[in-house]
Amino acid sequence: MSNIKKSGMNILAMAIGVLALGAMAIWQFYLFATFKGSQGIEDPQGGTHHFWWGLGAALLACIIGFFVFSVFLRYDKDNELHITSGASAH
């Protein structure tokens, strides 16, 4: 029972982490889109570092999210009962 609770907490923590990375990616893309140059005019070419940070955070969130959901879909793998396993009754 504690293993299930521990696994649930790990999945919850990872989901929160993925959401935080997603929020960071959105924020970086916003900073890229609204970057203002030294004259106060929006300059889309000047904030390329925000673009790369946003792209990196979005890519990392997708990769981690894939692994979190793949683990979530395999949560009962230990509870499987194979037909060929086990002792035969004679």
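We did not get these values from a lab; they are worked out from the coordinates using the rules stated. Bear in mind the structure is a predicted one, so any value in this text is a computation, not a measurement. All Cβ positions, even for glycine, are placed from backbone atoms using ideal geometry, and neighbour counts span all protein chains on display.
Modelled spin-label separation between PHE66 and TYR30, with each label point placed 7 Å from Cα along the Cα-to-Cβ direction: 2.8 nm. Per-residue Karplus couplings for segment 59-64, computed as 6.51 cos²θ - 1.76 cosθ + 1.60 with θ equal to phi - 60°, are listed in order as 5, 5, 5, 5, 5, 5 Hz, Gly and Pro entered as x. If you take the alpha carbon atoms of segment 15-72 and fit the smallest convex hull around them, that volume is 54 Å³ per residue.
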